[in-house]
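A short worksheet on the structure shown next.
The values are calculated or read from the model by the stated rules, or taken from the named source; none is laboratory data. Please read all numbers here as calculations on a predicted model, not as lab measurements. When we count neighbours, we look across all protein chains shown, and the Cβ atoms used for this are built from the backbone with ideal geometry, even at glycine.
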Amino acid sequence: MAARVEILRELGLLPLWRLRARRVAPAVGVEANEPPPSRVVAPTERSGVATDDRLQRIAALEWPAFAADVDACTACGLCRTRNRSVPGVGDARAQWLFIGEAPGADEDAKGEPFVGQAGRLLDSMLAALGMRRGDNVYIANVLKCRPPGNRTPEPREVEACRPYLDRQIALIGPRIIVALGKSAATTLLNVEASIASLRGRVHRYRDVPLIVTYHPAYLLRNLPDKAKAWEDLCLARATLRRQQDEGTQALRLQVAGSGPI
Ligand code: SF4
């Protein structure tokens, strides 16, 4: 325990991660949408319905049309209560992809994920890794619209919104995914399990390594678990580095094997 405290002190993580106010402009091609704040959208599709046409259209979306498509979405009932949709923000070709559960009140008001207190903590976590949002980092949620009162997303809402997340992941092509909180983790891994049982190992979302850690909003209420979250982020960083080293080694072998022309 003493050794871990010493390591955290060395890393500048004691007594707390420093909260830094930082706003980052949306990435190129992922512009924050700007609908009127109190706009109410009338649903035109039944909640949760995933028509083949809709799935094909979303699967073919490119970045310039992505945010507008999300903003026009009425595939679940959350379109009636949202103020703004929250498609995601960051580097459109980031190696790091952080995925949370759903927008909260601050995100719903601003149209950007993780902008409240939890967002500032996430920024501090990124800073501890020497990173910042928008620079090789993309941040998104499973749901693109806020559930009223921050209630837990319903399965049909997750199902309806899932094609957008799948398309984002395909467009970004991340090298590592960090699932923030149980909801994001169980959705991405398609399992029902506790976050404690999912932490500490490398999962896969399709071919991409995926690490599970706590949601920053949870960490704000449970400060001692910040050390565990730091361990998770270190595992993510080590996994990414190992992957890069393996890629470099494979390239060297390929070059060596090609021999002189
Ligand atoms: Fe559409 Fe997702 Fe918003 Fe539901 S939460 S209306 S599926 S964008």
Hey, can you tell me all the residues within region 198-224 that are exposed (fewer than 15 other Cβ atoms within 10 Å of the Cβ) and assigned to a helix (DSSP H, G or I)? 221, 223, 224
Would you point out which residue out of 166, 207 is touching a residue at least 12 places away in the same chain (Cβ under 8 Å) and at negative phi? 166
What are the residue pairs meeting all of these: first residue in region 134-152, first residue of a type in the set (A, V, I, L, M, F, W, C), second residue part of a helix (DSSP H, G or I) and more than 12 Å from the ligand (Cβ to nearest atom), Cβ atoms under 6 Å, and 6 or more apart or on different chains? 142/184; 142/187
Show the residue pairs that are 6+ apart or on different chains and have beta-carbon atoms under 6 Å apart, the first residue being within region 92-117 and in contact (Cβ under 8 Å) with a residue 12 or more places away in the chain, the second being among the acidic types (Asp, Glu) and within 14 Å of the ligand (Cβ to nearest atom). 113/107; 115/107
Please determine whether any residue of region 157-166 is at pLDDT 95 or above, over 21 Å from residue 195 (Cβ atoms), surrounded by fewer than 23 Cβ atoms within 10 Å (Cβ to Cβ) and under 15 Å from the mean Cα position of the chain (by Cα). yes
Those residues of region 79-100 that are away from the ligand (no atom under 13 Å from the Cβ) and either touching a strand residue (DSSP E or B) at 6+ places or on another chain (Cβ under 8 Å) or in a strand (DSSP E or B) (or both) come to a total of 11
Spot the failing condition for residue 227; the list is (1) surrounded by 15 or more Cβ atoms within 10 Å (Cβ to Cβ); (2) closer than 28 Å to residue 93 by Cβ; (3) of a type outside the set (Asp, Glu), and only one is missed. (2)
Look at region 48-78 and say how many of its residues are within 9 Å of the ligand (Cβ to nearest atom), touching a residue at least 40 places away in the same chain (Cβ under 8 Å) and over 24 Å from residue 173 (Cβ atoms). 5
